[in-house]
Amino acid sequence: MTIQENYQEAKKHYEKWGIDVDAALEQLKQVPISIHCWQGDDIGGFEADQQELSGGIDVTGNYPGKATTPEELRSDLEKALSLIPGKHRINLHAIYGETDGKVVDRDEIKPEHFKNWVDWAKNHDLGLDFNPTFFSHSKADDGLTLAHPDKEIRDFWIRHTIASRRIGEYFGKELGTPALTNIWIPDGYKDIPSDRLTPRKRLKDSLDEVFSVEIDEKYNVDAMESKLFGIGSEAYVVGSHEFYMGYALKNNKLCLLDTGHYHPTEVVSNKISAMLLYNDKLALHVSRPVRWDSDHVVILDDELREIGLELVRNDALDKVSIGLDFFDASINRVAAWTIGTRNMIKALLYALLTPNEHLKQLQEEGNFTERLALMEEFKTYPFGAIWDYYCEQMGVPAKEAWLDEVNEYEKTVLSQRK
């Protein structure tokens, strides 16, 4: 049977439950995923005085073909985007500016250093998001930035954050879609602190100073990302979930939930509904922690499906900005982008093809037997046939055919790089 024939047959199974499959696919087209640029070059960036990774950031593997120039990185992103259905966004870090070989410290970055990214985004009809970079810098060597006890160092990072928000605003103005500028800092201590409060007071004061500079929210949306622990901050992180949740609520900022930044027994899918009761909007960084915040490539596992279900069943697709954050240098980097992003979209499609309202009603009625039975049966419904049709309709390879294109790209492009 053809993909079209399989689709028509599969539709019948879902239509029995009142699911409008065509409408689900139309809705899916409207959901952008913010794809992180740093998978393509192992978070190296393009600073003229590029420094080694630090701040609890590490990438393992040495698969050949890493992007080493902005042109190579954009080429690799274009290839990945050609294999991913839908219209999406690209997420940049501050270290990806282009300064023509001149050393420009991070508190001096300007919109002009990202003009090439904006021109490229315009040509490909993409939105751009942004992140100040608080790692891999001499002023972050001791693992402290906005909460540093040295005011001079704090002020440097405050200036960097303000400059980053201005770049986000520039993206929004130029591209007609607001940028999400997300703040994550590595600040914390390796061993048990003798004072947890004072660093958090400093972080609060630093953020207050950052946000005292008005940036048009029509073009830039501020978000902040917590973490439980990191390499070198195992015992204490200044920017905890509770800190940012409180700050975001009080100051009308977005709280960003990273799926790897919580205790191994916590899941972000369980937090979304609680957070949406008190926040108009949220942001996500979807990753895959294996034992710890290890940023593995996203797979279609139980937690990813639950995240998709929470976003769909709670009518939150327009309330939650979905971004990805993983980096694996042990496999083909274009394939990593493709696998992870396609899986995120699959999770949303799976949720859109679930009889959510009926399942909610069963729960309200206390009919837990039928609820469990149906939730399990839908796991083996012909979801794959709907996915293949969606890919075909969106002009990207269905099934595993995309891998042939990645292999050819590796042979003709990636293998030629030094």
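No lab work stands behind these numbers, since they all come straight from the coordinates. Quantities reported herein were computed from a predicted structural model and do not represent experimental measurements. Note: ideal-geometry Cβ built from the backbone for every residue, glycine included; neighbour counts use all protein chains shown.
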**Study point:** Sorted by Cβ density within 10 Å, fewest first, the residues L77, L257
**Key:** L77, L257
Revision key, fill the gap. Per-residue ellipticity at 222 nm attributable to helices in the chain (runs of n ≥ 4 DSSP H, -39500 (n - 2.57) apiece, nearest 500 deg cm²/dmol) works out to -13000 deg cm²/dmol
Exercise for review: List H36, H296, H113, H88 from most exposed to least, where exposure is judged by having the fewest other Cβ atoms within 10 Å.
Suggested key: H296, H113, H88, H36
Point to revise | Dipole axis of the stretch 153-214 (+1 Lys, Arg; -1 Asp, Glu on Cβ), positive-most option in L203, T177, W157 | key: L203
Exercise for review: Name the long-range amide H neighbours of G55: under 5 Å, sequence gap of 5 or more, or other chain; modelled H, no Pro or chain starts.
Suggested key: S136
Check your understanding: Cα centroid distance between the stretch 180-207 and the stretch 354-416, in Å?
Key -> 40
Revision key, fill the gap. The Cα radius of gyration of the stretch 32-352, divided by 2.2 N^0.38 Å with N its residue count, comes to 0.92
Point to revise | Percentage relative contact order, the stretch 32-352, counting C-alpha pairs under 8 Å, at least six apart | key: 20
Check your understanding: What are the ³J(HN,Hα) values, in whole Hz, obtained from phi via the Karplus relation 6.51 cos²θ - 1.76 cosθ + 1.60 with θ = phi - 60°, for each residue of the stretch 154-165 in sequence order, with x given for Gly and Pro?
Key -> 4, 4, 4, 6, 5, 4, 4, 5, 4, 4, 5, 5
Review point. Most exposed first by the Cβ proxy, i.e. fewest other Cβ within 10 Å, how do H263, H160, H358 rank?
Key: H263, H358, H160
Check your understanding: Given G101, T265, S82, which one lies farthest toward the positive end of the charge dipole of the chain, if we put +1 on the Cβ of every Lys and Arg and -1 on the Cβ of every Asp and Glu?
Key -> T265
Revision key, fill the gap. Charge dipole of the stretch 283-418 built from unit charges on the beta carbon (Lys, Arg +1; Asp, Glu -1), centred at mean Cα; most positive-end Cα among S330, Y389, L304 is S330
Point to revise | Estimated dipole of the stretch 32-352 in Debye, rounded to 20 [Cβ of Lys and Arg +1, of Asp and Glu -1, Cα centre] | key: 720
Review point. What lysines sit close enough to K11 to cross-link, taking a C-alpha to C-alpha distance under 23 Å and skipping anything fewer than 8 places away on the same chain?
Key: K29, K346, K360, K379, K399
Study note, to complete from the structure: Nearest-0.05 FRET efficiency for Y278 and L300 at R0 = 22 Å, using Cβ-Cβ distance, is 0.15
Revision key, fill the gap. Cα gyration tensor of the stretch 40-117 diagonalised, 5x eigenvalues square-rooted, in angstrom largest first, produces semi-axes 22, 18, 12
Revision key, fill the gap. Classified through the alpha carbon gyration tensor (a ≥ b ≥ c as square roots of its eigenvalues; rounded if a/c is under 1.5, else prolate when a/b is larger than b/c, else oblate), the stretch 332-418 comes out prolate
Revision key, fill the gap. With R₀ set to 35 angstrom, the calculated FRET efficiency between the beta-carbons of D141 and D216, to the nearest 0.05, is 0.50
Check your understanding: What net charge is computed for the residues neighbouring K66, neighbours being all others with C-beta under 13 Å from the C-beta of K66, Lys and Arg scored +1, Asp and Glu -1?
Key -> -3
